[in-house]
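**Q** Starting off with a structure, shown below.
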Number of protein chains: 4
Amino acid sequence: MSITADVVDTVLGLRREVAGLHRHLTDYGLVVWTAGNVSARVPGHDLLVIKPSGVAYDDLTPENMVVCDLDGRVVEGEHAPSSDTEAQAYVYRHLPHVGGVVHTHSTFATAWAARGEPVPCVLTMCADEFGGEIPVGPFAIIGDDSIGRGIVETLRGSRSPAVLMRNHGVFTVGPTARAAVKAAVMCEDVARTVHHARALGTPVPIEQSAVDALFDRYQNVYGQR
Amino acid sequence: MSITADVVDTVLGLRREVAGLHRHLTDYGLVVWTAGNVSARVPGHDLLVIKPSGVAYDDLTPENMVVCDLDGRVVEGEHAPSSDTEAQAYVYRHLPHVGGVVHTHSTFATAWAARGEPVPCVLTMCADEFGGEIPVGPFAIIGDDSIGRGIVETLRGSRSPAVLMRNHGVFTVGPTARAAVKAAVMCEDVARTVHHARALGTPVPIEQSAVDALFDRYQNVYGQR
Amino acid sequence: MSITADVVDTVLGLRREVAGLHRHLTDYGLVVWTAGNVSARVPGHDLLVIKPSGVAYDDLTPENMVVCDLDGRVVEGEHAPSSDTEAQAYVYRHLPHVGGVVHTHSTFATAWAARGEPVPCVLTMCADEFGGEIPVGPFAIIGDDSIGRGIVETLRGSRSPAVLMRNHGVFTVGPTARAAVKAAVMCEDVARTVHHARALGTPVPIEQSAVDALFDRYQNVYGQR
Amino acid sequence: MSITADVVDTVLGLRREVAGLHRHLTDYGLVVWTAGNVSARVPGHDLLVIKPSGVAYDDLTPENMVVCDLDGRVVEGEHAPSSDTEAQAYVYRHLPHVGGVVHTHSTFATAWAARGEPVPCVLTMCADEFGGEIPVGPFAIIGDDSIGRGIVETLRGSRSPAVLMRNHGVFTVGPTARAAVKAAVMCEDVARTVHHARALGTPVPIEQSAVDALFDRYQNVYGQR
C-alpha cells in the first residue's frame, strides 16, 4: 500500500485536521500527558491518519502524524504510530461508514467502564447523541485484534457512537474525525452528569418512545443544513 | 414582522451583546461543544436575537446571530436559529418582564434535574439570587410548546429566575440577557455546592424569614446604584 | 476620618495590591461572577481598602477600589464598597494583628459550611496552615454586626486563619492581604481533599502532638527568611 | 561538595529543566500556591537541583533553583531549598536508579492517602504505568529521615513509581525528572478515576496476569524508540 498521486492532497488535509482536533481533547480535559488520540480514514483508500505514539499534545504537527494502512502498518511518517493503531485499523476495516475514531480515558466515562456498567439514558442530551445507553465493551488486552473486535461488536448492537471498554476507556466513532471528537466530548459530559445524578439518588428514566423521538430529531434536524 | 428603521441600531447592539455573552458559558464550563445558548428580547418589539444552531462558540460573531419573531420564525440572519428558539419565544410571549433567556446543560444543575429534584435553599447565596429552592419543571420533549409552557408555569410559581427542566437542563431568565447569564452561572454554583454538601450528610435548613430578608436585600441593595 | 498626606502613597500601593490579588480568587476558581472579595488594612490608620460591590473581576483596577474607615463608611472612591465591608471592618476593629481579610463561597469549604461541620485535621497540609480543624462560625445575616462578631469569636477560639460561616461561605484573615488570600486558597484545597477522602470511608486521624509540631515548624521555618 | 568545572553545563541544563517542569504541576492542577516541587539528580555527582522553598510557581526561573548535596545542604543558590529537600536527598542516596523526584498534594491521590488506602489496580492505565496498585507509605513527620525512609521502603516493595504518604501527599520517582512528573500526572488521573468508579459501586478487578502483560508491554514497547 502506498500513497498514490491522487490522494496526496487529501492526506495533507487530513494530517492538518487530525493534528488540530487533538486540541479539543486537551481543552475539554479528556486526556492527560499523551494518553488519547484521534484518527481519520482516508476516504476511498485503505489508509488512515493517526497520532504518533507517546508524543506530547503541544508537539503535534501535521508533519508528525503517521499514515498507516488498514492493517496498521506505517505507509508514511517518521514516527511510530499510536499503540492504538491496530484497534482503530480494525474498526475501519469492519465498519465502512466510520470516517474517524477517537480514544480517551476521560475520567467519568472510564469510571463507568471500570465498573463495567453502561451509562443509562436519563438525559435528553444522551438520547440526542447516543440514542440510548452508552454501552460497555469487553475487557480486552492490547496486542492482538481483541480490542478492535470488542469495539466493533459492541457498536454493532447499539445506536451509540461511543463504547466504554471495560477497565480501560472510551472509543468513539463518527462519519468524520470531527464527529468522533464531538462524541467523545458528549460522552464524558453525559457520563459525568449521570454520575453525579446517581450519587445522590435515582435518576428518573426516560421512556423509550421519547428516546427514539429525540434521537431521530437530533440526527435529522439539528444544526445548519 | 420585519426590522423597522427605528430598531436597527438596537438590534445591532443586541447582536454584539448576545454573541459576546456566550463567552461566560464557556469560561464557567456551563456548556460543551454547541449545547447551550443565550437570547435577548428586542425591547418594545416582538423580536428576539439568538445563537445559530450547532455553531461552535469560537465561531460566534454579531453577524451570525439570528433575529426571530416571537413565534420563532427567522426575520433576519443567514443561519438556522438555535433549536431552543421556540421554547425561548414562548417565554418572551408569556413573561413580558423577561428580557433575556439562557439555556445550558451545566453538570450539577442537570444532575438535580435528572432526579427531578429541586435544589434546596441551604445557602445564603441561593436565598440572595433565587429567593428559595431552585424549582424543577416537567419532562417535555422538543417539537411543540411543551418546553416553553413548562418553563413559564414553573417560573410563575417561584421567585427563582432558574428552572431545572426534568431529565434535560437549565433555563434561566432575567430583565436582560446579562442577568439571565448571571442566573445560569449562580445556578450551577449553588447546585454544585449543595450537591457536595448533601453527599456527606444533611445541610442545615435556613429559616424562611431569613431567606426572605436575604432575597429582599440582594434584589434592592447589592451592587452599584 | 480622611486620607492624610503621610498615607497617600501607602493607600495607592494597597489599591494596586488589593485589585491585583483578586486574580488568585478567579485563577483558583474560588469565586463566580462577583461573589467574593479581598480587603487590606491601611497599617497604622483606621482605614481599609476593599473591592467595590458587584463589579466584575475583569473590571477591577486600583482606581475603582474603595477606601473606608473601620466603621465601613466610604472615605475615598467613586463606587459603593463590597456589601461585606461592615463585616470586614468589624474584624479589623477587633483583631489588631489582622492586616487582610478575604471572603469567598468556594465550593467545598461552603459545602462543609452548609452542613455546619468543621473540616477535620487529617492532612499534614491542614496542620501546617490551620493548626487543627477549620472551624465553623454561626449562621448570621447581613445587615448588622452579627457576621463580623461571628467571625471574630470563632477565630479567637482557634489557631485557624479561616472560618466557615454556616450556610454562607468562608472568611480568612492574615497579617497581610496576600496571606489571607493564601489561607483562602489552602482552605478550599484542604476542604476538597478531605471531602473526597470522607466520601469513600474514614480518614485516619493525626495525633495532636503531630499537629502541633507541624504547625509550629510551618509557621517558623517554611519559606524564605 | 562543590560544583566542579566538568558539571557546570549539566547543572545549568538541569536548572532550566527543573524550573520548566513545574509548569505541568500547575497546568494539571496538581498543586496550589507553593505546595509541591520537582527535583533532579545531577548524574554521576552527589548533587540535586530543586525548587526554592515558598516561591510562587510564576516566579520560578533557572536562576532561583537551588543545588544541594545528597545530605540536603545548599551547594549553590541564593534561596533556601524546598522543605522537602531532605526527604528527596534520602531517596537519591538510597535509590541509585532514580534521576528525578516529584512531590505534590494532588487532590484525589491525597484523599486515598488520608484514608491510608492504596489505589487498587482496576484500570489498564494503572497497570501500564504503576504495574499494580499505588501503594501507601507510613505517616511520617518532617524534620528527620522518616519521610525519605518511608518513601524508599514503600517503593522497594512495589513496581510503582508513586507512593501515597499517609495523611500527607504523593511522592513519585523516575529515571528522569520528566518521568517523575509524568508519574505524578498519571497518579492523580488514576486516583481520580478509581475514586469516582468506587463512589457508585465496585470496580471489576483485573487479573494479575493481565496486569503483568500490560506493565511489561508499556515499559518496553510504548512511545518512540
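**Q** State which residue pairs qualify: first residue closer than 22 Å to residue C:179 by Cα and inside segment D:52-76, second residue outside any loop (DSSP other than H, G, I, E, B) and open to solvent by 30 Å² or more (accessible area, probe 1.4 Å) in any location, beta carbons under 8 Å apart, and separation of 6 or more residues or different chains.
**A** D:57/D:23; D:57/D:26
**Q** Here is a further query. Report the residue count in segment A:144-186 for those that are polar (S, T, N, Q) and assigned to a helix (DSSP H, G or I). Show your work before the answer.
**A** Just the residues of segment A:144-186 that are polar (S, T, N, Q), to begin with: A:146, A:154, A:158, A:160, A:167, A:172, A:176.
Still in the running and assigned to a helix (DSSP H, G or I): A:146, A:154.
Residues flagged as polar (S, T, N, Q) and assigned to a helix (DSSP H, G or I) within segment A:144-186 amount to 2.
**Q** Output the residues belonging to segment A:170-225 that are of a type in the set (S, T, N, Q) and either more than 30 Å from residue B:200 (Cα to Cα) or free of Cβ contacts under 8 Å to residues at least 40 places away in the same chain (or both).
**A** So in segment A:170-225, the residues of a type in the set (S, T, N, Q) come out as A:172, A:176, A:193, A:202, A:208-209, A:219-220, A:224.
Of everything in segment A:170-225, those that are of a type in the set (S, T, N, Q) and either more than 30 Å from residue B:200 (Cα to Cα) or free of Cβ contacts under 8 Å to residues at least 40 places away in the same chain (or both) turn out to be A:172, A:176, A:202, A:208, A:209, A:219, A:220, A:224.
**Q** Which members of segment C:42-76 meet the condition of being touching a Lys or Arg at 6+ places or on another chain (Cβ under 9 Å) and not aliphatic (A, V, I, L, M)? Break it down stepwise before answering.
**A** Our first condition is that a residue be touching a Lys or Arg at 6+ places or on another chain (Cβ under 9 Å); within segment C:42-76, this holds for C:46-49, C:57, C:60-67, C:70-71.
If the condition is that a residue be touching a Lys or Arg at 6+ places or on another chain (Cβ under 9 Å) and not aliphatic (A, V, I, L, M), then C:46, C:57, C:61, C:62, C:63, C:64, C:71 are the ones that fit.
**Q** Ok, one more. Would you confirm, using the coordinates I've provided, whether residue C:79 is within 17 Å of the chain's Cα centre (by Cα), on the phi < 0 side of the Ramachandran plot and surrounded by fewer than 22 Cβ atoms within 10 Å (Cβ to Cβ)? Please lay out each step first, then the result.
**A** Numbers: within 17 Å of the chain's Cα centre (by Cα): no; on the phi < 0 side of the Ramachandran plot: yes; surrounded by fewer than 22 Cβ atoms within 10 Å (Cβ to Cβ): yes.
Taking the combined requirement at face value, the residue does not satisfy it.
**Q** Considering each of A:131, A:36 in turn, give the residue that is of a type outside the set (Ser, Thr, Tyr) and touching a Lys or Arg at 6+ places or on another chain (Cβ under 8 Å).
**A** Details: A:36 fails: touching a Lys or Arg at 6+ places or on another chain (Cβ under 8 Å).
Of the residues listed, the single one that is of a type outside the set (Ser, Thr, Tyr) and touching a Lys or Arg at 6+ places or on another chain (Cβ under 8 Å) is A:131.
**Q** Something else about it: Residue check: is residue A:167 open to solvent by 10 Å² or more (accessible area, probe 1.4 Å) and farther than 23 Å from residue B:138 by Cα? Break it down into steps so the answer makes sense when it comes.
**A** Values: open to solvent by 10 Å² or more (accessible area, probe 1.4 Å): no; farther than 23 Å from residue B:138 by Cα: yes.
So residue A:167 does not fit the description; no.
**Q** Continuing with the same structure: Hey, could you check segment A:93-118 for residues that are at the interface with chain D (Cβ under 8 Å from one of its Cβ atoms) and open to solvent by 10 Å² or more (accessible area, probe 1.4 Å) and say which is nearest to the chain's Cα centre (by Cα)?
**A** If we take residues in segment A:93-118 being at the interface with chain D (Cβ under 8 Å from one of its Cβ atoms) and open to solvent by 10 Å² or more (accessible area, probe 1.4 Å), then A:105 is nearest to the chain's Cα centre (by Cα).
**Q** Out of C:219, C:224, which single residue is surrounded by fewer than 16 Cβ atoms within 10 Å (Cβ to Cβ) and more than 7 Å from every other protein chain (Cβ to nearest Cβ)?
**A** Working: C:224 fails: more than 7 Å from every other protein chain (Cβ to nearest Cβ).
Result: C:219 is the single residue among C:219, C:224 that is surrounded by fewer than 16 Cβ atoms within 10 Å (Cβ to Cβ) and more than 7 Å from every other protein chain (Cβ to nearest Cβ).
**Q** Of all residues in segment D:171-188 being open to solvent by 20 Å² or more (accessible area, probe 1.4 Å) and in contact with a helix residue (DSSP H, G or I) (Cβ under 9 Å, 6 or more places away or on another chain), which is farthest from the other protein chains (Cβ to nearest Cβ)?
**A** From segment D:171-188, those open to solvent by 20 Å² or more (accessible area, probe 1.4 Å) are D:175-176, D:178-179, D:182; that's our starting set.
Narrowing further to those that are in contact with a helix residue (DSSP H, G or I) (Cβ under 9 Å, 6 or more places away or on another chain): D:176, D:178, D:182.
Numbers: D:176: 14, D:178: 10, D:182: 6 Å.
The residue in question is D:176.
**Q** Shifting gears a bit: Give me the residue from segment D:82-91 that is surrounded by fewer than 24 Cβ atoms within 10 Å (Cβ to Cβ) and touching an Asp or Glu at 6+ places or on another chain (Cβ under 9 Å) and, out of that set, farthest from the other protein chains (Cβ to nearest Cβ).
**A** D:90
**Q** Which of the numbered conditions does residue B:168 fail, given that it passes all the others? Conditions: (1) within 22 Å of residue A:198 (Cβ to Cβ); (2) out of contact with any Ser or Thr (no Cβ under 6 Å at 6 or more places or on another chain); (3) within 14 Å of chain A (Cβ to nearest Cβ).
**A** If we test residue B:168 against (1) within 22 Å of residue A:198 (Cβ to Cβ); (2) out of contact with any Ser or Thr (no Cβ under 6 Å at 6 or more places or on another chain); (3) within 14 Å of chain A (Cβ to nearest Cβ), just (2) comes out false.
**Q** Among (1) open to solvent by less than 20 Å² (accessible area, probe 1.4 Å); (2) out of contact with any Pro (no Cβ under 8 Å at 6 or more places or on another chain), there is one condition residue A:53 misses while meeting the rest; what is its number?
**A** Here residue A:53 clears every test but (2).
**Q** Of the residues that sit in segment C:189-206 and are at the interface with another protein chain (Cβ under 8 Å from one of its Cβ atoms) and closer than 25 Å to residue C:39 by Cβ, which one is most open to solvent (accessible area, probe 1.4 Å)?
**A** If we filter segment C:189-206 for residues that are at the interface with another protein chain (Cβ under 8 Å from one of its Cβ atoms), which is where we start, we get C:189, C:192-204, C:206.
Checking the rest, the ones that are also closer than 25 Å to residue C:39 by Cβ come to C:189, C:192.
Details: C:189: 10, C:192: 60 Å².
Ranking the candidates gives C:192 first.
**Q** Sticking with this one: Would it be correct to say that residue C:209 is open to solvent by 60 Å² or more (accessible area, probe 1.4 Å) and on the phi < 0 side of the Ramachandran plot?
**A** Numbers: open to solvent by 60 Å² or more (accessible area, probe 1.4 Å): yes; on the phi < 0 side of the Ramachandran plot: yes.
Spelling it out, residue C:209 is indeed open to solvent by 60 Å² or more (accessible area, probe 1.4 Å) and on the phi < 0 side of the Ramachandran plot.
**Q** When residues of segment C:119-154 are filtered for being modelled with pLDDT under 95 and within 10 Å of chain B (Cβ to nearest Cβ), how many remain?
**A** Count: 3.
**Q** Now a separate question. Could you tell me whether residue B:21 is closer than 25 Å to residue B:111 by Cβ, in a helix (DSSP H, G or I) and open to solvent by less than 20 Å² (accessible area, probe 1.4 Å)?
**A** Values: closer than 25 Å to residue B:111 by Cβ: yes; in a helix (DSSP H, G or I): yes; open to solvent by less than 20 Å² (accessible area, probe 1.4 Å): yes.
So residue B:21 passes the test.
**Q** State all residues of segment B:198-225 that are modelled with pLDDT of 85 or more and small (Gly, Ala, Ser); if no residue qualifies, say none. Talk me through it step by step, then tell me what you get.
**A** Step one: of segment B:198-225, the residues modelled with pLDDT of 85 or more are B:198-219.
B:199, B:201, B:209, B:210, B:213, listed by residue number.
**Q** Additional query: Test residue B:162 against the stated conditions and say whether it is open to solvent by less than 20 Å² (accessible area, probe 1.4 Å), among the small types (Gly, Ala, Ser), more than 13 Å from chain C (Cβ to nearest Cβ) and closer than 27 Å to residue C:57 by Cβ.
**A** Values: open to solvent by less than 20 Å² (accessible area, probe 1.4 Å): yes; among the small types (Gly, Ala, Ser): yes; more than 13 Å from chain C (Cβ to nearest Cβ): yes; closer than 27 Å to residue C:57 by Cβ: yes.
Yes, satisfied.
**Q** Answer yes or no: is there a residue in segment A:36-47 that is closer than 25 Å to residue D:27 by Cβ, buried (at least 23 other Cβ atoms within 10 Å of the Cβ) and more than 14 Å from chain D (Cβ to nearest Cβ). Give the steps one after another, and end with the answer.
**A** First pass over segment A:36-47, keeping only residues closer than 25 Å to residue D:27 by Cβ: A:36-38.
Remaining after also requiring buried (at least 23 other Cβ atoms within 10 Å of the Cβ): A:36-38.
The next check asks that each one be more than 14 Å from chain D (Cβ to nearest Cβ); those that pass are A:38.
Yes, segment A:36-47 contains a residue that is closer than 25 Å to residue D:27 by Cβ, buried (at least 23 other Cβ atoms within 10 Å of the Cβ) and more than 14 Å from chain D (Cβ to nearest Cβ).
**Q** Okay, moving on. When you scan segment B:54-68, do you find a residue that is within 21 Å of residue B:109 (Cβ to Cβ), at pLDDT 95 or above and either more than 14 Å from the chain's Cα centre (by Cα) or within 14 Å of chain A (Cβ to nearest Cβ) (or both), even just one?
**A** So the first thing to find is which residues in segment B:54-68 are within 21 Å of residue B:109 (Cβ to Cβ), and the list is B:57.
Next, from what is left, pick out any that are at pLDDT 95 or above: B:57.
Those left that are additionally either more than 14 Å from the chain's Cα centre (by Cα) or within 14 Å of chain A (Cβ to nearest Cβ) (or both): B:57.
Yes; the residues of segment B:54-68 include at least one that is within 21 Å of residue B:109 (Cβ to Cβ), at pLDDT 95 or above and either more than 14 Å from the chain's Cα centre (by Cα) or within 14 Å of chain A (Cβ to nearest Cβ) (or both).
The values are calculated or read from the model by the stated rules, or taken from the named source; none is laboratory data. These numbers were taken from a predicted model, which means no experiment stands behind them. Cβ atoms come from the backbone with ideal geometry, glycine included; neighbour counts cover every protein chain shown. Surface accessibility is based on the protein's heavy atoms, side chains included, excluding ligands, DNA and RNA. Shrake-Rupley method; radii C 1.70, N 1.55, O 1.52, S 1.80 Å.
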